[in-house]
Amino acid sequence: WSPDMMAARFLRRALPALRQARSYAEAASGAPQMSFTFASPTQVFFKEASVKQVDVPTLTGAFGILPAHVPTLQVLRPGVVTVFSDDGSSAKYFVSSGSVTVNADSSVQLLAEEAVPLDQLDIAAAKANLEKAQSELAGTSDEATRAEVQISIEANEAIVKALE
Amino acid sequence: MFARTSALVFSPQCGQVRNMATLKDITIRLKSIKNIQKITKSMKMVAAAKYARAERQLKPARVYGNSAVALYEKADIKAPEDKAGKHLIIGVTSDRGLCGAIHSGVAKTIKSEIANLTGAGKEVMVINVGDKLRGLLHRTHGKHIMLNCKEVGRKPPSFGDASIVATELLNSGYEFDQGSVIFNRFRSVISYKTDQKPLFSTDVVSNSENMGIYDDIDADVLRNYQEFALVNIIYLALRESSTSEQSARMTAMDSASKNASEMIDKLTLTFNRTRQAVITKELIEIISGAAAL
C-alpha cells in the first residue's frame, strides 16, 4: 500500500488512453533506520532514537557506526562518543568504559558504565587528577593497585585530550 | 501476627471457664494494638518514600538492563540442550521482611528449578543475594548454595553492588554453562511478578549458531563483553527487586494498619459495653443493698 502504487493507480485512471502507466521506482529498500540506545546505569541519553552516525572509542580503535553497519560486539575504552543526529547536529559524551552491540537489524546498544556530556567536565580538575595518578604510579608496587592507578591515568589522559 | 499478640496478653485457660474480660485487660490490649498501628503506619510512610525513589531510578535502569540482554534475544542464543551442563541460579531478594510474599516467591521458584535440573541430571549452584533467601534455602538446599550476600536492601542498589556480586562469582571459579537470575519484576504499585533472565557462559555464546554474523570478535573482547553483561543483568535484577519489595512492603503495612484499626474499633465497642456492664452491676448492688435496709 505504498504511495507509489496509489500514484500509479491515479495515473491509470487519469489517462485511460495510456495503456502503460509509469510509476516511480520504490526507494532503495534495506537502508533501515538505526535504532540507537545509549544509556548508563543511572541515566538514559538516547532510547531507540534514529540517528545518522555514532563514533565510539573501543579497545581495538575508534570507529563510526552508520545504519546497516555489520553486526559486531565491542568493548569501550575511556574516550569520547560523538552522536550525529539526523538534522546534522552532533553531541559529545565522555564514557569511562562499557560495551557496544550492533545487531543485524541495525539496532545499536551503547551501554556505558559512566557517561557524561563533555561540557560537564572540568579540564583543570582532570589535569590535577592526572598528575596525582602519575605520581601514585611511581609510588606503588602492588599489582592490583598498579592496575587501578594505570586505569585512572588512562581515563584522566583521555578526559584531558577530549577537553583540549 | 495479631493472634500471637493476643496470646501474650490473654492466655486462654484451657479446661476452665474463661472469665469475662476485665476493663484492665481490654485497656492493656487496646493500648498495645494502638502502638502497633502507629508503627505499621510509619513503616508504610517510609516504604512509600523509598518506593517513589526506587521507581524513579528504575526507569533508566530498565532501559540499560534490557539493552544488555538484547544481544541474547536478537541472536537467539540458547544453550545446547543435551549436554549435562553446570547451572547457576542467582536469587535476588533482600535482608528485611514484612514485605508480603517477596522472598517466598523467589525461594519457591528456585526450589522448583533445582528440582527440575537435578531431576535432569544437571549440576546446580545457587547464589543468594539477600539474607532472607539464605534463611529460606539453607535448611533444605544447603548443599547447592555457593555464595551469600548480606546487607542488601538497606540502601538503594548501585552499579557497584552488582559488580561486587559479579566479581565474587567470577573469582569463585565455578564454570557454569548457563544460568538464570531470579528476581521480582516490578509491574505496578500493587503487583509484581517473579521473573527470570538468562545468563550464558562465554563458550556457549561463542559457539551459538547466530554468532557467526557478528563480525570478527576476539575471545578477549567477548569475555570482557560477557562480564560486563553479567553485571548489567544483576544490576537490573537488583533494581527491579528493590522497587517490588518497597511497593509490597507499602501494601503489607497498609493492610496491617487497616486490620489494626478494625481491631481497635471492635475492642473500643467491647470496652464501652464492659464499662456499662460494670456500672450497671455496681448500681444493682447499691440498689439491692439499699432495698435490703
Kindly check whether there is at least one residue in the range A:62-69 that is of a type outside the set (A, V, I, L, M, F, W, C), open to solvent by less than 30 Å² (accessible area, probe 1.4 Å) and either touching a residue at least 24 places away in the same chain (Cβ under 8 Å) or part of a strand (DSSP E or B) (or both).
yes
Those residues of the range B:209-219 that are surrounded by fewer than 16 Cβ atoms within 10 Å (Cβ to Cβ) and touching a Pro at 6+ places or on another chain (Cβ under 6 Å) come to a total of 1
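Does the range B:194-203 contain at least one residue that is assigned to a helix (DSSP H, G or I) and either without any contact (Cβ under 8 Å) to a residue 12 or more places away in the chain or within 30 Å of residue B:127 (Cα to Cα) (or both)?
Yes.
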Here is a check on your reading of the model: is residue B:222 free of Cβ contacts under 8 Å to residues at least 24 places away in the same chain, open to solvent by 20 Å² or more (accessible area, probe 1.4 Å) and assigned to a helix (DSSP H, G or I)?
no
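Residues checked against (1) within 14 Å of another protein chain (Cβ to nearest Cβ); (2) among the basic types (Lys, Arg); (3) open to solvent by less than 60 Å² (accessible area, probe 1.4 Å); (4) closer than 21 Å to residue B:246 by Cβ:
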position: B:34; (1), (2), (3), (4): no, yes, no, no
position: B:37; (1), (2), (3), (4): no, no, yes, yes
position: B:52; (1), (2), (3), (4): no, no, yes, yes
position: B:58; (1), (2), (3), (4): yes, no, yes, yes
position: B:61; (1), (2), (3), (4): yes, no, yes, yes
position: B:67; (1), (2), (3), (4): yes, no, yes, no
Given (1) surrounded by 14 or more Cβ atoms within 10 Å (Cβ to Cβ); (2) in contact (Cβ under 8 Å) with a residue 12 or more places away in the chain; (3) of a type outside the set (Lys, Arg), number of the condition residue B:121 does not satisfy:
(1)
Residue A:56: passes all of (1) buried (at least 20 other Cβ atoms within 10 Å of the Cβ); (2) at pLDDT below 90; (3) more than 12 Å from chain B (Cβ to nearest Cβ) but (2)
Collect the residues in the range B:104-153 that are in a helix (DSSP H, G or I) and hydrophobic (A, V, I, L, M, F, W, C), keeping them in residue-number order.
B:106, B:107, B:110, B:114, B:115, B:117, B:133, B:136, B:137
What single numbered condition from (1) buried (at least 23 other Cβ atoms within 10 Å of the Cβ); (2) within 18 Å of residue B:217 (Cβ to Cβ) fails to hold for residue A:107?
(1)
Residues located in the range A:71-95, provided they are farther than 21 Å from residue B:209 by Cα and within 11 Å of chain B (Cβ to nearest Cβ)
A:75, A:76, A:77
Being open to solvent by less than 20 Å² (accessible area, probe 1.4 Å) and in a helix (DSSP H, G or I) is the filter here; which residues of the range B:69-103 pass it?
B:70, B:71, B:72, B:102, B:103
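The values are calculated or read from the model by the stated rules, or taken from the named source; none is laboratory data. For clarity, every value in this text was computed on a predicted model and none was experimentally measured. Counting neighbours? That spans all protein chains shown, and the Cβs are built from the backbone with ideal geometry, glycine included. We work out accessible area using only protein heavy atoms, side chains counted, and drop any ligands, DNA or RNA first. Shrake-Rupley method; radii C 1.70, N 1.55, O 1.52, S 1.80 Å.
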